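Visitor: Okay, handing you the structure first.
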Amino acid sequence: MPAAEPAATPVTGERPEPQEAVVILRDGRTFSGVLVSQNDKSVVLKIGGLDTTFATPRVERVRILEPVLERYKALRASIDDHDSEQLLLLVDFLIARDKLGESVKELEALIARQPNNEGAKLKLDRVLTLVALRESEEESAALPSDDRTDPGARSGNDRDSGGSGGAGGAPLLTPQQANLLKVFELDLDQRPAVVVPRHVGEEVMQKFAGDPLVPVTKEGRDALIAEGSLGLVDLMFRLRARDYYSQIRVLSTPEPLQKFREEIQQGLLLSGCATSGCHGSFSGGRLVLATRRPTSEIGALTNFLIINEFRMSDGSALLNFQKPEHSALIELALPRDQSARPHPPAPHPETGADQWRPFIRGRSDPRAARIAAWVASLYQPRAQYSVGYTPVRPFVAEANQAKTAPKAEPK
């Protein structure tokens, strides 16, 4: 079997992505596509959306290509900022590989330099259409299969109608709620991929006309819009134009949310807290986590919101931003004799036996350090916000709702 030539090791923390490869046949022909499979009988590439099979005896070599973003950076470094033809070809390269955030940033930067470049404007419209289609697909995927054929079957969050049980635990965020959550968790210093439609920027500046942050002249406002979406998001945050936050489309996942998905959701919640006998069902008290579509982004964002907003019986949070290593999320997963906040018994509904088991072996367990590092990585100072999500059980115990501290102003 022809050996595959390895690509460079992916950067730690990068999302897994399909491997692209080039198949070189013994007759000299080459084919490129996404590597589906390779064994001693055949090599299969997905080319133009179709699986194409090459019998191994015909294959001279299989070359695995560098990750998409590595190739993008190398290609971008070779293109002059004013070479619009090559930049638009680069954008096509990104669109074909579903890197819509990078596509938007390149197009907005090009339009800022060349305001009359109609080709760039048309391509930006195309990318925004793809973003809208993706959101529609995600919204459909977030619904149970029976709801996809009956749009009026449920409203608001997807909920278990009985309130006392059912697969999937907590309802999932809608795609719109998930996007708004990412807006609130943006760190603009990281230059995230965001999109603000031009008309939204114009509406914001019209509504806040007279504020010192808003340019007085039309030329100044047009120049601000031409700078791109990131500058408009910064302005919206400084104006606290919260009525418009839902109009911001976030095309990349903020790093702390991505770390939550990879390290906390998959490394702790799914294997421990969110199991069916614990907080993955309605038998685990007020804290009910989402277990449907657990490895998806929307499943992880739902559990992030729940973990972030949930308050225990004494009103304290699961996350300790002053001392992350003492977060209740860690303490409750430690053996009881090592915890400052031991997990309460979790009796089996039939036998009464305690079902709880520690998921972190001790304070030196690497998982405790990863959770503490993740808590410390969250945007500071933290702010309270709402995305319109209704939990199946209250985040704050009824006895504490009246004395809960006033919410801080969000960005």
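Visitor: Just to be sure, is Asn320 out of contact with any strand residue (DSSP E or B) (no Cβ under 6 Å at 6 or more places or on another chain) and part of a helix (DSSP H, G or I)?
Guide: No.
Visitor: Exactly one condition in (1) in contact with a Pro (Cβ under 6 Å, 6 or more places away or on another chain); (2) within 23 Å of Val375 (Cα to Cα); (3) not hydroxyl-bearing (Ser, Thr, Tyr) is false for Arg221; which is it?
Guide: Here Arg221 meets the rest and fails (2).
Visitor: For the range 42-69, give me the residue count where each residue is of a type outside the set (A, V, I, L, M, F, W, C) and either loosely packed, with under 13 Cβ neighbours inside 10 Å or modelled with pLDDT under 90 (or both).
Guide: Matching residues across the range 42-69 total 8.
Visitor: For the range 17-34, enumerate the residues that are free of Cβ contacts under 8 Å to residues at least 40 places away in the same chain, under 14 Å from Arg97 (Cβ atoms) and of a type outside the set (Gly, Ala, Ser).
Guide: Matches in the range 17-34: Pro18, Val34.
Visitor: Ok, one more. Could you tell me whether the range 42-56 includes any residue that is more than 19 Å from Leu100 (Cβ to Cβ) and aromatic (Phe, Trp, Tyr)?
Guide: Checking the range 42-56: at least one residue is more than 19 Å from Leu100 (Cβ to Cβ) and aromatic (Phe, Trp, Tyr).
Visitor: Could you please give the count of residues in the range 199-213 that are exposed (fewer than 14 other Cβ atoms within 10 Å of the Cβ) and either of a type in the set (A, V, I, L, M, F, W, C) or closer than 12 Å to Arg238 by Cα (or both)?
Guide: Going through the range 199-213 one residue at a time, the tally reaches 4.
Visitor: Tell me, please, whether a residue that is over 30 Å from Asp222 (Cβ atoms), outside the structural domain of Glu227 (by TED's automatic domain parsing), assigned to a loop (DSSP other than H, G, I, E, B) and at pLDDT 80 or above can be found in the range 142-157.
Guide: Looking for residues that are over 30 Å from Asp222 (Cβ atoms), outside the structural domain of Glu227 (by TED's automatic domain parsing), assigned to a loop (DSSP other than H, G, I, E, B) and at pLDDT 80 or above, one finds none in the range 142-157, hence no.
The values are calculated or read from the model by the stated rules, or taken from the named source; none is laboratory data. Please read these numbers as outputs of a predicted model, since none were measured by experiment. Reconstructed Cβ throughout: ideal geometry from the backbone, glycine too, with neighbour counts over all protein chains shown.
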